[in-house]
1. Exactly one of (1) over 21 Å from residue D:243 (Cα atoms); (2) crowded, with 24+ Cβ neighbours inside 10 Å is unmet by residue D:164. Its number?
2. Looking at (1) touching a residue at least 12 places away in the same chain (Cβ under 8 Å); (2) farther than 24 Å from residue C:272 by Cα; (3) within 7 Å of chain D (Cβ to nearest Cβ), find the lone condition where residue C:180 falls short.
3. Which of the residues belonging to the stretch A:38-58 are without any contact (Cβ under 8 Å) to a residue 60 or more places away in the chain and either outside any helix (DSSP H, G or I) or in contact with a helix residue (DSSP H, G or I) (Cβ under 7 Å, 6 or more places away or on another chain) (or both)?
4. Among (1) surrounded by fewer than 24 Cβ atoms within 10 Å (Cβ to Cβ); (2) closer than 26 Å to residue D:45 by Cβ, there is one condition residue D:222 misses while meeting the rest; what is its number?
5. Out of A:260, A:275, which single residue is within 11 Å of chain B (Cβ to nearest Cβ), free of Cβ contacts under 8 Å to residues at least 12 places away in the same chain, touching a helix residue (DSSP H, G or I) at 6+ places or on another chain (Cβ under 9 Å) and under 30 Å from residue B:254 (Cβ atoms)?
6. Only one of C:173, C:208, C:150 is surrounded by 22 or more Cβ atoms within 10 Å (Cβ to Cβ), within 14 Å of chain B (Cβ to nearest Cβ) and within 27 Å of residue A:178 (Cβ to Cβ); which?
7. May I ask you to list the residues in the stretch A:56-70 that are buried (at least 20 other Cβ atoms within 10 Å of the Cβ) and within 14 Å of another protein chain (Cβ to nearest Cβ)?
8. List the helices (runs of 4 or more DSSP H) inside the stretch A:79-134, counting only whole elements, that have at least 1 residues being away from every other protein chain (no Cβ under 14 Å).
């Protein structure tokens, strides 16, 4: 029988010493990837990097190249964005994740970022998946806006086939008829994915809801259903974010959410331990 | 400005002495409505009623009249089903919820059930909403399979306008392109609804996922995002359930889920208390 | 093997003498059901009835009871609406179709209307389907706003099982993520339904698009893909329609559309005849 | 006020002498793009090219690089595929359209193909849109599987901004909850797009339905609602097509469809002429 690589991929912990990779596959403390939608300036990214670190984030995000539905929207600072992210990473010790949209951008990003993000619009861009599959970077693969769970896993297979087995999957909301939220966050995909692969699973409630007032509740739910971490658009001045202002939260709000999810993770770890004990005693 | 009734409906706790209504609007311990898809026989419903009570459920569910997509599927025991539910309620002390689909069925149900359920196929059945609005029973209104949050609230308004202000809203999954789950559970509607009304909000992960192995994770997530309770199809012998076998869980699995959600509810209540203290100190 | 009634239902032309029923199952000239969303007054419905007849319509529509998402919207004139429709029918000779939403409304409608319409919100209301199945009226069954083709046929089965075999199916657009149109008109369901049953198939481009400027094109397409007729919201003064103003057309526009679809129907009938000739010659 | 390029783009007929480009913007006779899903061998593409030309097609399609959801499916012959298409074009005089998925593939395709196709998975791949915008080839841009009409136009804007104003838009079905067809063909987007831009609009009923038995009806409907042409997967031996066998039609079926749509186009052209005459007389 044919067995796809995704189904038995257990990335070798001994091979990969990066602390952040080990953290992504949650033990107790969930990974928290925070930062602005776009890198707007060196000063902006340095300030927010320090603030999200202080709030408890474990990784920094920020867009250097932004995929925009309209070509007239702000498209990012390009290579400079990567450089500013690198500087922020060096100052804070936080690993850095940023999106790439073409082979040329992959090459530009390599010296600067720790995790290459494939955005929702490019999940089906198989040529790009092959490109990041040839690198030794961790790849954060976002679910296509109308992709099924099966298609997300098949997209990951394109990366694995090129030799890169460090893939992180990210649920970020799917497109439905509901107009009250920007997308519909499909949290049931978290346990559904975990039943089929061993990759870390991250949830992005910022894009998943598009409404900052719903993000705390959905972050709690993400960790409760078993996600290994969350990804949150965070801005020092949310209302004045150059892009996606409606879904950005402040570092103070981030802090509250991190306390929430750590508490939930501990509670559920204790519950799972109880369950195992009971199973042993029942034998 | 016009203000719909849903936006400022605070059902009077003094007026309604029923313990189960007070429980529905969660303080710490979430409501748990459990029981089979269909009442199959008196013996079956009595047995499961005792088992779900023992597992910690706070309310019993069971279908006497079943809406079936095909007229050739099992359509329920009818009035006998209500009688068996009543007997199970008397033996266990659990209040009973059961679905009605017409004015005639409402009348039949009144002597036997505590909560009238309006199913997903009838959320837009305004004549039926008016009928249950004329009763003094609690109404559990399920979201239509492709209804928006706004439409769910407008459906509730039909009930309130007839004078009945005890409405419980229930998210049970919406219809999307995803075929890996029976429906897509839209948990972000929980905080979205809570921002607009004061009704208790229940989540039904059984219909929401249609897959028993995902129900525990999604029950945890439901309570974590703020739902007041969950509704779970529970069967003494899940594989031999007459209807919806793929999504039924056993009383033992129910027990584990109840321990999970109680732990999460306590953890988050403590977190919310911390937050309030910090706010007071910060003044 | 189990064979549902829908798959071999060929209503007996000898049994049903009503001219309009024979017309619904198109030979060459498509059926055209036209009239306002709501009956607003006797004078209004009489005037529009004469105008749509003059334009070439073969049946009159008009709502006496209107299902409204919000209980505060205009809900129709009730029984008076049926009476005014009857009068308009007597004056023009056009048969009349109007929606019913409960058993009580079915009884009220019987003396006045020729075709009982089940609206999109009630396609899953099985108790109502049984009620109209017990009458001897033609039933126009609209597809649920997120119903599959298979579910529409199973809903029809509920009517047939009660003994009424004169069902007309109506595509009226389904709910999707697209916001540019009110619904997404799924015309491929027309040949898909015709491959599985022998009922007349009607398309409603008014609700299907919600935009009056798209209705002419979609009416042409409906007949081109094989529908037996179309249903169009027509108002003497579209902009001042009490309900659904954005999708109403004028009698003059209706006239153009009827000329279009008659021309397409003749052209395709000639094409089909050519095909058959070629098949015979090829033997 | 800001005016996007798409809204007033009237590609200069004098500048572009290619007969096929003029045909794409339909006068009376619709464009017909036919050919196999994948180029399987030189012999296969030469044979089908002659057959579709004989049937009346005006352009040849065939995939050299195939985007496949699973990396294990047949991914095309690559550059050889382009060469075989070129040879087929030279033998038959039919212009050739083929898909490209990366900047590298665009370069490979330039010497061989007349029209560069951007597939549904890459409509949001803005880097690729910019690449084809820099060429002087006609670009056939397929709608993303869950893209809105507005997003399709914004994707076209990316191409126009690079200086290439010869864009053809293609509706190929959108993703919905309906499982009876592969996608849901959204024909109302044809008049909706025509109200906002002047690009030729093509419909692909093969992918739009995924069922060969529905293609004839939906081809008729496509032209009836105003599309400038259709794109049909055609195979000499449909059942043995290497990919997408369920939706391929034979050259004989193609012939019937072309006769159908030409007849509809003539009929509607006559209707439109009548309308204009009446308008002039009415003055």
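The values are calculated or read from the model by the stated rules, or taken from the named source; none is laboratory data. Computed from a predicted model, the values in this text were never measured in an experiment. Here Cβ is always computed from backbone atoms with ideal geometry, including for glycine, and neighbour counts include all displayed protein chains.
1. Evaluating residue D:164 over (1) over 21 Å from residue D:243 (Cα atoms); (2) crowded, with 24+ Cβ neighbours inside 10 Å leaves (2) as the failure.
2. With (1) touching a residue at least 12 places away in the same chain (Cβ under 8 Å); (2) farther than 24 Å from residue C:272 by Cα; (3) within 7 Å of chain D (Cβ to nearest Cβ) applied to residue C:180, the lone miss is (1).
3. Once the filter is applied, which keeps residues that are without any contact (Cβ under 8 Å) to a residue 60 or more places away in the chain and either outside any helix (DSSP H, G or I) or in contact with a helix residue (DSSP H, G or I) (Cβ under 7 Å, 6 or more places away or on another chain) (or both), the stretch A:38-58 yields A:39, A:41, A:42, A:45, A:46, A:49, A:50, A:53.
4. So the condition that residue D:222 fails would be (1).
5. A:275 is the lone residue from the list that is within 11 Å of chain B (Cβ to nearest Cβ), free of Cβ contacts under 8 Å to residues at least 12 places away in the same chain, touching a helix residue (DSSP H, G or I) at 6+ places or on another chain (Cβ under 9 Å) and under 30 Å from residue B:254 (Cβ atoms).
6. Only one candidate passes the filter, namely C:173.
7. Listed by number, the residues that qualify are A:63, A:64, A:65, A:66.
8. A:79-92
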